[in-house]
Amino acid sequence: MKYDFHNKKFIELDKSPNKLSIAGSDRDIDWNALKEKVELFSKELKKLNIPTGHPVLIFGHKEHTFPVSILSCIHSSIAYIPIDKIYPKDRIKRIIEISGTQILINLSDEVLDFQFAICINSALEIKINHPPDFENRIYGTNDDPLQYIMFTSGSTGEPKGVQITRQSSLTFTDWLISDYGYGDDEVIINQAPFSFDLSLYDLMTTFSIGASLVLNSIEIFSNPELFLKRIFDYRCTVWISTPSFAFLFLRNSNFNTDEFQCLNTFLFIGETLPNRTAKILKSRFPKARIFNAYGPTEATVATSLIELTSDMIEKYPSLPIGYPMPGSELLIDKIYDDDKDGELIIVGNHVSIGYLKNDDLNTKKFFIHKGKRAFRTGDLAYYEDGILFFIGRNDEQIKMHGFRIELNEISNVICKNPNISDAITVPLKRNNEVKKIVSFVIVKTKISQTELLKDLMASLKKTLPYYMIPGDISIVPDFPYSTSHKIDKIILIEEYILKQNR
């Protein structure tokens with residue numbers, strides 16, 4: 001069985017409907033149970049007469065009812081906002097205020113101290129507290145209604161609600177079916193929270209092809225032994241995550257590749273995929289496919305893809321992010337004509353219709369290019385050999401003392417040192433001016449700090465121009481991570497400054 005997103009219906013396949021559909025943190029359900037739950041819940045949702053374009057808030061973690069609720073909203077043509085319970089309450093409150101949502105689906109055992117007209121619990125039972133007020137709380141258009149609103153972090157600390165329409169979602173889903181080469185016997189690992197759009201790779205792929213989805217709670221993936229046991233027990237085949245999450249397990253001696261040869265595909269998105277990570281994976285899983293994908297939330301999860309071969313990994317120190325998805329364009333807006341790189345602009349039907357209630361930012365970031373929606377990413381990229389390469393964010397390509405500096409290049413050079421497991425380089429700013437470059441490193445061998453720093457500085461001076469040498473190298477036991485499991489540079493900087501001021 002699988003789900004047809006175009007016609008909004010379940011389709012029987014030759015294989016048993018009793019095949020696993022979702023392994024949740026609470027229980028497992030098969031495809032037959034998924035179909036029954038979605039159709040029953042959708043029937044109840046339709047009785048509420050929720051207007052097209054009014055978003056429902058789905059709150060929970062890795063319960064099997066979270067993907068059930070998402071699919072039920074899609075099946076019922078209801079827009080939704082996914083919120084993970086690991087979010088701070090102040091952030092949840094602000095999202096509720098911005099969206100004006102009147103309906104809560106609370107799948108957790110936590111009590112949200114906010115007022116909603118309609119509340120639905122984990123048993124999918126509906127309680128009407130008072131008549132909902134939908135006035136000025138309906139978004140999008142009927143021609144191409146909203147599918148979901150994904151809230152991301154804004155530079156000012158204000159959550160940004162990215163509006164994704166049904167057509168954009170279908171464009172992405174069609175790409176998953178046509179270009180990724182998945183079969184309906186896949187068992188897909190879910191690590192990302194549902195409030196992070198990376199999770200839609202897992203979710204939409206599973207439903208579209210009739211695969212199985214294994215959810216992993218924060219308690220599971222924070223415990224390497226439990227997480228690896230879950231992969232082994234369910235014989236998972238597809239790993240989808242940020243590169244830094246995968247690298248944590250490549251450093252783990254319990255990740256015995258002989259026991260995990262069931263993994264046939266690794267797909268990375270959300271961060272730069274370091275060459276060393278791909279090289280280690282290729283050596284340990286020689287038969288597995290390694291995909292590198294790129295895309296901001298504003299372009300419906302992803303917009304480029306490439307399968308990395310051994311030759312590519314050897315040829316390119318910085319790995320490519322691939323080719324544009326069919327029907328889209330990836331343009332380079334150069335600052336100077338003789339530059340090969342510039343700001344990446346995404347054009348296509350999968351581009352968001354804009355941020356919710358944020359006209360000023362919409363004007364800066366979104367526009368129409370040759371009749372299609374376009375988005376200024378703020379990312380720097382270039383083409384080489386007809387393939388797209390990602391450099392970093394605008395704020396990762398800095399100017400210091402008049403010199404243009406690529407921070408990722410510094411980190412890549414540091415990681416070539418045999419004593420270093422991982423590295424990240426950040427600028428320290430005052431009044432928006434870069435005052436110092438600091439590299440944070442994780443050490444993998446027993447070596448004195450004095451000897452290590454001396455060795456690193458010597459190799460950096462041989463490889464990089466003087467103006468790219470970090471002002472300081474800080475040894476840390478590990479990197480802090482955000483809820484979406486990206487390296488949290490803000491915490492790194494705050495802890496460094498605190499340490500310097502002691």
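Only one of (1) part of a loop (DSSP other than H, G, I, E, B); (2) more than 22 Å from residue 190 (Cα to Cα); (3) not aromatic (Phe, Trp, Tyr) fails for residue 331. Which number is that?
Failing condition for residue 331: (1).
Within region 105-137, how many residues turn out to be open to solvent by less than 80 Å² (accessible area, probe 1.4 Å) and either under 18 Å from residue 353 (Cα atoms) or not in a loop (DSSP other than H, G, I, E, B) (or both)?
The qualifying residues number 7.
Consider region 441-462. How many of its residues are within 33 Å of the chain's Cα centre (by Cα) and open to solvent by 50 Å² or more (accessible area, probe 1.4 Å)?
2
With respect to the numbered conditions (1) over 17 Å from residue 226 (Cβ atoms); (2) touching a Phe, Trp or Tyr at 6+ places or on another chain (Cβ under 6 Å), which one is the sole condition not fulfilled by residue 272?
(2)
May I ask you to verify whether residue 393 is touching a residue at least 12 places away in the same chain (Cβ under 8 Å) and open to solvent by 70 Å² or more (accessible area, probe 1.4 Å)?
yes
Applying the selection to region 206-223, what residues are assigned to a helix (DSSP H, G or I) and farther than 15 Å from residue 31 by Cβ?
Within region 206-223, 218, 219, 220, 221 qualify.
Could you look through region 358-389, keep only residues that are touching a residue at least 60 places away in the same chain (Cβ under 8 Å) and under 14 Å from residue 334 (Cα atoms), and pick out the one that is surrounded by the fewest Cβ atoms within 10 Å (Cβ to Cβ)?
379
In region 235-262, which residues are at pLDDT 95 or above, outside any strand (DSSP E or B) and buried (at least 18 other Cβ atoms within 10 Å of the Cβ)?
Scanning region 235-262 gives 236, 237.
Restrict the check to region 218-231 and report whether at least one residue is under 22 Å from residue 15 (Cα atoms), within 19 Å of the chain's Cα centre (by Cα) and among the aromatic types (Phe, Trp, Tyr).
No, there is no match, as no residue in region 218-231 is under 22 Å from residue 15 (Cα atoms), within 19 Å of the chain's Cα centre (by Cα) and among the aromatic types (Phe, Trp, Tyr).
Which residues, taken from region 334-349, are assigned to a strand (DSSP E or B) and under 16 Å from residue 296 (Cβ atoms)?
343, 344, 345, 346, 347 - these are the residues of region 334-349 that are assigned to a strand (DSSP E or B) and under 16 Å from residue 296 (Cβ atoms).
Given 203, 226, which one is among the hydrophobic types (A, V, I, L, M, F, W, C), open to solvent by less than 10 Å² (accessible area, probe 1.4 Å) and either at pLDDT 95 or above or not in a strand (DSSP E or B) (or both)?
Result of the check over 203, 226: 203.
Among the residues of region 264-295, which ones are in a loop (DSSP other than H, G, I, E, B) and crowded, with 22+ Cβ neighbours inside 10 Å?
269, 270, 272, 273, 295
Quick check on my filter: what residues within region 452-470 are assigned to a helix (DSSP H, G or I) and out of contact with any strand residue (DSSP E or B) (no Cβ under 8 Å at 6 or more places or on another chain)?
If the condition is that a residue be assigned to a helix (DSSP H, G or I) and out of contact with any strand residue (DSSP E or B) (no Cβ under 8 Å at 6 or more places or on another chain), then 454, 455, 458, 459, 460, 461, 462, 463, 466 are the ones that fit.
Hey, among 403, 440, 389, which residue is at pLDDT below 80 and of a type in the set (Phe, Trp, Tyr)?
Residue meeting the stated conditions: 403.
The values are calculated or read from the model by the stated rules, or taken from the named source; none is laboratory data. A quick note: this is a predicted structure, and the numbers were derived from the prediction, not measured. Positions of Cβ are generated from backbone atoms using ideal geometry, with glycine treated the same way; all protein chains shown enter the neighbour counts. Only protein heavy atoms, including side chains, enter the accessible area calculation; ligands, DNA and RNA are left aside. Shrake-Rupley method; radii C 1.70, N 1.55, O 1.52, S 1.80 Å.
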